[in-house]
1. Any residue in the stretch 107-124 that is farther than 30 Å from ILE75 by Cα sitting within a Cβ distance under 9 Å of a residue that is open to solvent by less than 40 Å² (accessible area, probe 1.4 Å) and not in a helix (DSSP H, G or I)? List the pairs, counting only those 6 or more apart or interchain.
2. Which of the residues that make up the stretch 54-97 are among the aromatic types (Phe, Trp, Tyr) and more than 18 Å from ASP36 (Cα to Cα)?
3. Does the stretch 19-33 hold any residues that are in contact with a helix residue (DSSP H, G or I) (Cβ under 7 Å, 6 or more places away or on another chain) and in contact (Cβ under 8 Å) with a residue 40 or more places away in the chain, and which are they?
4. How many residues does the stretch 110-124 contain that are over 17 Å from the mean Cα position of the chain (by Cα) and either of a type outside the set (Ser, Thr, Tyr) or modelled with pLDDT of 80 or more (or both)?
5. Go through the stretch 94-122 and count every residue that is under 24 Å from GLU17 (Cβ atoms), of a type in the set (A, V, I, L, M, F, W, C) and open to solvent by 60 Å² or more (accessible area, probe 1.4 Å).
6. Take the stretch 10-67 and flag every residue that is among the aliphatic types (A, V, I, L, M), in a loop (DSSP other than H, G, I, E, B) and open to solvent by 40 Å² or more (accessible area, probe 1.4 Å).
7. Is it true that GLU86 is more than 19 Å from PHE13 (Cα to Cα), of a type in the set (Asp, Glu) and touching an Asp or Glu at 6+ places or on another chain (Cβ under 9 Å)?
Amino acid sequence: MSIDLAQFKTHKFLNLETVRKSGVTVATPVWFVEHDSKFYVRTVSDAGKVKRIRNNGQVRIMPCGQRGEPKGEWIKATARLKSAEEDVQINAWFEARFGFAKRIFDLMNTLRRTKWQAIEIVPG
């Protein structure tokens with residue numbers, strides 16, 4: 001069975017479904033970039049999804065709208081947290097894809113002194 005990554009091509013958001021220790025799933029819409037059939041997201045370092053991925057890297061993803069409305073089919077994937085050094089390249093990919101909107105977002109978060117965590121998502 002092949003994985004349909006083409007469903008993500010026209011979307012800017014994906015739902016990242018992580019699993020709590022209790023087994024309850026949590027889906028969160030996030031901006032993403034795709035590179036070499038892997039997806040990357042960036043989030044604040046103290047976000048719940050970071051903690052959940054640290055505990056369990058098995059996730060599901062699907063393309064979605066800005067508020068999480070489904071735009072495709074769920075795909076099983078494995079997520080792992082990336083280092084600050086690896087985030088430099090990932091941030092550059094976000095800059096190239098989202099441009100001005102990302103710069104405004106970054107400005108707001110710089111004022112808040114946000115610390116970032118990059119996440120790599122490998123479908124399959």
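The values are calculated or read from the model by the stated rules, or taken from the named source; none is laboratory data. Everything quoted here is computed from the prediction, not taken from an experiment. Cβ coordinates were reconstructed from backbone atoms using ideal geometry, including for glycine residues, and neighbour counts include every protein chain displayed. Ligands, DNA and RNA are stripped out before the accessible areas are found, and what is left, the full protein with its side chains, is counted by its heavy atoms. Shrake-Rupley method; radii C 1.70, N 1.55, O 1.52, S 1.80 Å.
1. MET108/THR114
2. First, pick out the residues of the stretch 54-97 that are among the aromatic types (Phe, Trp, Tyr): 74, 93-94.
Matches in the stretch 54-97: TRP74 only.
3. Of everything in the stretch 19-33, those that are in contact with a helix residue (DSSP H, G or I) (Cβ under 7 Å, 6 or more places away or on another chain) and in contact (Cβ under 8 Å) with a residue 40 or more places away in the chain turn out to be VAL19, THR28, TRP31, VAL33.
4. First, the residues of the stretch 110-124 that are over 17 Å from the mean Cα position of the chain (by Cα): 110-113.
If we keep only those that are either of a type outside the set (Ser, Thr, Tyr) or modelled with pLDDT of 80 or more (or both) too, we end up with 111-113.
The qualifying residues number 3.
5. 2
6. VAL24
7. Answer is yes for this residue.
Here is a yes/no grid of residues against (1) touching a residue at least 24 places away in the same chain (Cβ under 8 Å); (2) out of contact with any helix residue (DSSP H, G or I) (no Cβ under 9 Å at 6 or more places or on another chain):
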position	(1), (2)
LYS12	yes, no
GLU17	yes, yes
HIS35	yes, no
SER45	yes, yes
LYS49	yes, yes
ASN56	yes, yes
TRP74	yes, yes
THR78	yes, yes
GLU85	no, yes
